[in-house]
Structure formats: C-alpha cells, structure tokens
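In what follows, a structure is listed as structure tokens, so that the remarks can point back to it.
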Amino acid sequence: MREALVAGVKVRLMGGTDGQGAGNGPLVMLLHGFGAPGDDLVPLAEVVDVPAGTRWLFPEGPLSLNLGFGNSRAWWIIDFARIQADRAAGRIRDLSRETPNGLALARERLLALLKDLPRQLPIDYKRTVIGGFSQGAMLTCDAVLQTDYPFAGLVQLSGNLLAQTVWSPLMPQRKGLRVFQTHGTHDDILPHIGAERLRDALSRSGLAVEWHSFRGGHEIPEPVLHRLGVFLTKVLTGS
C-alpha cells in the first residue's frame, strides 16, 4: 500500500502492477463511511476479485472526529442526537428531502481530488468506478450527478437518497450509467426504504441499477463482496 496527498486529501493506493497502485490499469475508488478510519475499506482490495492490474484508491475523509476510539473520520458532520432520538421513538429516517450541512463542501473536496488526480497518476475516467459505503456512497452519488466525468460505474453500499429535489432532475443526464447498489434489510443507521427510494429514482431515470438486498445491518457481508467483484469485472472489461 502507498499513501499520497491529492488536492489536500490523503489517499491510499493498492493493486496495480506493484501492489501500490502503479501501472495504467482500471481504477476503483471507494470512500469510507462516517466515523470509520481512513483505511476502513482498504481490505476490500485484497478480497474482491477484479481484473489483473486493477488499481484501488481509498480517499480519507478530511474531518477528524472525537468518538473515543481509533482514528475516526468523516466527510461531513451528522446529527447523532437526532439519529438516537428517531431510533428511540421508532421513527424511520427519511433523508430524501434533506441536504446535509457540509455536503457541498465535501463535494468540492472530492471534485478537487478528481481534478488533481490525473496529474499524479495515469487515469482514464472511462475505466474508473467510483463509490463508497454509507456516507461515502451518498457523497459519490452526489458528485457523480453534479459532474460529467465519464465514469464506468457507480457503487452504492448502504447509501440513501438525499437532496431529492436536487438529485432527481440531474439523474437523467446519467442515463445508462451502471450502478451496483446493496442494502441490509435490518439497517438501523440508514433505512432500507431510503435505499429503495434511491434505487427507484435512478432506475426511472434510465440508470442501469443492479440491486442486492440482504438480511443484515449496516455492513458489507461476504456475498455482497462476491457480487461486487462480478460487477466490477463486467464494468471494467466492458462486458
């Protein structure tokens, strides 16, 4: 693994011709979720089957959190008190009408990274899949909808529909984009119905969504990793 700084964002590189992101193979970029360490998703590079030479890039959220354990990072701050209150009251969180404070700044940071990345390593965005888990999934969805980078695919692991009034009009511009989306039926952090709303909105707009619902919580179980590998292989080889 190799660490680098791209547009002020710390990233970790895996795979490629040397295990540290060398070469000019296709690229998979995955963003971690809220409260996770910056290297949270790095192990995926070693367990997900992808075409030979594929490189992995894992950006680290710029915000450091004091959660009392590890190096917790975030892309924007969330209201934990509200989450706990909703959970205690049995309310299902509907994020579709919300635009989180900090989302715009997080998007600017990610777009700056995407702009600067070609200066540091060979990259063809037509051979790049972008996505993430939880907050990282939602940020990448927001960025993909508000840019015209010709990504090969979008990965949404346990994300939700946000900012519907902003996202929905932009979705048809991404017609045909291949999307891999998964969510646990017992997720108590981001509700399953919020993922279904995202899936349906993307599908209605003409994006090619591959949907996998699983019995589980806010996680990435082994069957999902297998299906993700199949998806990435298809998308990155153009099959």
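The values are calculated or read from the model by the stated rules, or taken from the named source; none is laboratory data. Predicted, not measured: the structure shown is a model, and the values here were computed from it. In this analysis, Cβ positions are derived from the backbone assuming ideal geometry, glycine residues included, and neighbour counts consider all displayed protein chains.
Could you list, in sequence order, all residues of segment 120-134 that are in contact with a Phe, Trp or Tyr (Cβ under 8 Å, 6 or more places away or on another chain) and more than 19 Å from P51 (Cα to Cα)?
S134
In segment 163-186, what residues are under 17 Å from the mean Cα position of the chain (by Cα) and either loosely packed, with under 13 Cβ neighbours inside 10 Å or farther than 28 Å from L236 by Cα (or both)?
A163
Do we have any residue at all in segment 183-194 that's without any contact (Cβ under 8 Å) to a residue 40 or more places away in the chain and among the aliphatic types (A, V, I, L, M)?
Checked segment 183-194: no residue is without any contact (Cβ under 8 Å) to a residue 40 or more places away in the chain and among the aliphatic types (A, V, I, L, M).
So N71 passes all but one of these: (1) closer than 22 Å to I220 by Cα; (2) exposed (fewer than 13 other Cβ atoms within 10 Å of the Cβ); (3) of a type in the set (S, T, N, Q). Which condition number does it fail?
(2)
Being touching a Ser or Thr at 6+ places or on another chain (Cβ under 9 Å) and over 23 Å from V179 (Cα atoms) is the filter here; which residues of segment 25-49 pass it?
G35, A36, P37 - these are the residues of segment 25-49 that are touching a Ser or Thr at 6+ places or on another chain (Cβ under 9 Å) and over 23 Å from V179 (Cα atoms).
Condition check: polar (S, T, N, Q), surrounded by fewer than 17 Cβ atoms within 10 Å (Cβ to Cβ) and either in contact with a His (Cβ under 9 Å, 6 or more places away or on another chain) or over 23 Å from G15 (Cβ atoms) (or both). Does Q146 satisfy that?
Considered against the rule, which asks whether it is polar (S, T, N, Q), surrounded by fewer than 17 Cβ atoms within 10 Å (Cβ to Cβ) and either in contact with a His (Cβ under 9 Å, 6 or more places away or on another chain) or over 23 Å from G15 (Cβ atoms) (or both), Q146 comes out as yes.
So how many residues does segment 100-118 have that are over 17 Å from the mean Cα position of the chain (by Cα) and modelled with pLDDT under 95?
The qualifying residues number 1.
In segment 58-99, which residues are β-branched (V, I, T) and modelled with pLDDT under 90?
Listed by number, the residues that qualify are I78, I83, I92.
Would segment 222-237 turn up any residue that is over 16 Å from V48 (Cβ atoms) and surrounded by fewer than 21 Cβ atoms within 10 Å (Cβ to Cβ)?
Looking for residues that are over 16 Å from V48 (Cβ atoms) and surrounded by fewer than 21 Cβ atoms within 10 Å (Cβ to Cβ), one finds none in segment 222-237, hence no.
What number of residues in segment 1-22 are over 19 Å from A143 (Cβ atoms) and surrounded by fewer than 17 Cβ atoms within 10 Å (Cβ to Cβ)?
10
Answer with yes or no whether I130 is touching a helix residue (DSSP H, G or I) at 6+ places or on another chain (Cβ under 8 Å), buried (at least 23 other Cβ atoms within 10 Å of the Cβ) and either free of Cβ contacts under 8 Å to residues at least 24 places away in the same chain or not small (G, A, S) (or both).
Yes.
Could you list, in sequence order, all residues of segment 39-59 that are under 15 Å from the mean Cα position of the chain (by Cα) and buried (at least 22 other Cβ atoms within 10 Å of the Cβ)?
D40, L41, A45, W56, L57, F58, P59 - these are the residues of segment 39-59 that are under 15 Å from the mean Cα position of the chain (by Cα) and buried (at least 22 other Cβ atoms within 10 Å of the Cβ).
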